[in-house]
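Engineer: Here it is, the structure in full.
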Amino acid sequence: MTEEKDQVRVVIERRYDETIAGIVNTLQLVIVALALAFIVRTFFVEAFRIPTGSMAETLSGAHYHIRCDMCGFKYDLGHDSNIKPNAECPNCKRQDPDVAQMNPSNGDRIFVMKSIYQFMAPKRWDVVVFRNPLDPSENYIKRLIGKPFEKLELIGGDVYVDRVIQRKPRHVQDELWVQIYDSEYRPYIGYGGSLDEDGADGAFVWEVPFGNDENSEWQSDPTGSYGFKVDGEPGDIHTLVFDSSDGEKFRSFYAYNNSSRYSTAPWCSDFKIEFFADIPDDEVTRIGAVLGKYGRSYRGSVDGSGLMQIERFERGRFEELGRLKLSAAMHGKVQIKFANVDHLLIFEVDDQKLVFDLGKNPEAAGVRFSVLDPDADDEDDMIEVVPSISIVAMGKVGLSNISIFRDIHYIDGTKARRGKPFEIGEDEFFVCGDNSMDSFDSRLWESPGKGHNGKTYRKGIVPRDYLVGKAFFLYWGDAFKPFENALPLIPNFSQAKRIYGGVRATN
C-alpha cells in the first residue's frame, strides 16, 4: 500500500514539475520577446504616427477624405489646415461644403530605421525623423535637402548647391508629382456647361480648361471616346491650350491646405502633361506637347514615321535639341508624356524616352523674372513669367486621359534664398517639408536650437545628434471602419508603400 502511494506521489510531483516548467518557459519566452522588441525599438525600427500635414501629400497627418460633389475627383484636406476647413476641388475648383463636422482620418503610421545614421551618412532627399531643435522633446519629420559644408539656395522652387541644381532620384520624383487636372473627372452638368443659376449651386460655373489657339480647330468630345479631337489637314498645326486664367492651377498649392491661401502661393516652374493619342493607320500626323517656362517654350513631339524630337522656340521658330527614332511607325493608341523638371526635358512615347539636359546652373532653364526696374536686384522688385501648357497636333487625332502634374516647389523662407546662400557647417543638416506652403522647417526657424547644459545650435539647422532615423515604410494609412461609429481597425493595404529617399549617386 505504501508502495502504491509513493508511486502516485511521484506521478503528481512530475506533473506539477512539468506544469511549473511550462509556465516558466512561457514567461522566459515572453521576457525574451519583450527584450528583443525593446532592443529593436530602441536601436533598429520604431513606429511613428504623422501628426501634421507638413509632409503632405507624401505623408498625411489627420485629414478629411473628400470626393468632389461636382466632378467626383478624390482628394484630402488636412484637419490642421483650418478650424473650419474650406475645401476646394483641385480639378474643377468647386467649393465643397464645410467639412468641419466630418470625422477626420488619423495620420499615417510609418516605420523608421533608427541608428542607421550611425553607420552611414544621411543622403539628400531622405525622409528623416529628428528631434525638433526648438523643442527637443518633440519628434519632427521632414525631407533632408542640405548636407554639411554645402552652400544651399532655393531658387524657383528647386534646390541648388554651389549654384548647381540638385535633381531628385526617379522614385522620389514620381512620389512628388502633384496632379492638378484629370480629364476623366468632369462635372455632372455636362462638358463645358455651367450649373442652372436657379438651382442651389447657381454660383458655381465650370468650363473646359482647354481652348483653341488662333486658327486651331480642336473640338471637345464629351460623349465619344475622346476628351478632344481634331481632323486637320496635313501640315496645319492645331494647338490646344490649357487655360488657367485665374492662375491658381499653376501655383504651388495643395488641396490638403486651406483654399483661401491659393492665390498667394508662388508660381510653380516644373510641369508634366500626359495623355493618350489615337491615330488612324493611314494618317500622316504629328502629336506632342509644349511647355512654357520662364519665357521659353519647349516642344516634345513624334511624327507618324516614329521620329521623336525635343525642340526649343528661339528667334521665332523651333530649333531641335534632340531626336530619337522609334523602332516602328506610330499608329493606333499611344501614350504621350512630356515633362520639364529639374532642368531636364523628358519626352516619352509609350516605353521610349528622349531626354535633353538644359544645364545645371540657375540660368540654364530660362529667364525666371521680368524686371520692372532695370536696376532691381531683389525678387520683390520683379514679377515672374507665367508658365504655359498646350497640346499640338497635325492631321487627325483623338485625345483621352489627359492629366497635368506639377513638381514640388520649395517656397522661399528667411534662409537659403536666391543670391543669399545658406552655408551649412559640419554635422549640420537643412530640412524642408514636402508641403512647403504649410511647413515649419529650416527655412523659417528663427531661434537657436536647444541643447544640453545650455548649449545652443545655429538657427535653421538640425544637428547630427538630433537625427533619430530614416522613414522607410508607410504601414498603416486610412484604415476602414467595420461599422458606423466604430474605430478604424481594418487595414487599408492599398495605402501601404515604401517611402523613397536619396541615392548614393551624385548629381
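The values are calculated or read from the model by the stated rules, or taken from the named source; none is laboratory data. Bear in mind that the values here come from a model prediction, so they are computed numbers and not experimental data. When we count neighbours, we look across all protein chains shown, and the Cβ atoms used for this are built from the backbone with ideal geometry, even at glycine.
Engineer: Any residue in the range 30-51 that is in a loop (DSSP other than H, G, I, E, B), touching a Gly at 6+ places or on another chain (Cβ under 9 Å) and either of a type outside the set (Val, Ile, Thr) or modelled with pLDDT of 60 or more (or both)?
Structural biologist: Filtering the range 30-51 down to residues in a loop (DSSP other than H, G, I, E, B) leaves 50-51.
Subset that is touching a Gly at 6+ places or on another chain (Cβ under 9 Å): 50-51.
Add one more test, that the residue is either of a type outside the set (Val, Ile, Thr) or modelled with pLDDT of 60 or more (or both), and what stays is 50-51.
Yes, because at least one residue in the range 30-51 is in a loop (DSSP other than H, G, I, E, B), touching a Gly at 6+ places or on another chain (Cβ under 9 Å) and either of a type outside the set (Val, Ile, Thr) or modelled with pLDDT of 60 or more (or both).
Engineer: Filter the strands (runs of 3 or more DSSP E) completely within the range 258-320 down to those with at least 2 residues that are in contact with a Pro (Cβ under 9 Å, 6 or more places away or on another chain), over 21 Å from Gly359 (Cα atoms) and modelled with pLDDT of 85 or more. Before the answer, list the steps.
Structural biologist: Values: elements: 271-279, 286-293, 296-303, 307-314.
So the answer is none; nothing clears 2.
Engineer: Follow-up question, since we're still on this one. For Ile389, work out the one condition from (1) in contact with a helix residue (DSSP H, G or I) (Cβ under 6 Å, 6 or more places away or on another chain); (2) of a type outside the set (S, T, N, Q); (3) under 24 Å from Ile287 (Cβ atoms) it doesn't fulfil.
Structural biologist: So the condition that Ile389 fails would be (1).
Engineer: Still on this model: Restricting to the range 188-216, what's the tally of residues that are closer than 18 Å to Phe275 by Cβ and modelled with pLDDT of 65 or more?
Structural biologist: 7
Engineer: Looking at the structure I just gave you, is Leu291 under 29 Å from the mean Cα position of the chain (by Cα), under 23 Å from Ser403 (Cβ atoms) and surrounded by 14 or more Cβ atoms within 10 Å (Cβ to Cβ)?
Structural biologist: Numbers: under 29 Å from the mean Cα position of the chain (by Cα): yes; under 23 Å from Ser403 (Cβ atoms): yes; surrounded by 14 or more Cβ atoms within 10 Å (Cβ to Cβ): yes.
Yes, satisfied.
Engineer: Taking the options Phe253, Phe242, Phe271, name whichever one is of a type in the set (Phe, Trp, Tyr), under 17 Å from Ser439 (Cα atoms) and crowded, with 21+ Cβ neighbours inside 10 Å. Talk me through it step by step, then tell me what you get.
Structural biologist: Values: Phe242 fails: under 17 Å from Ser439 (Cα atoms); Phe271 fails: under 17 Å from Ser439 (Cα atoms).
After applying the criteria, what remains is Phe253.
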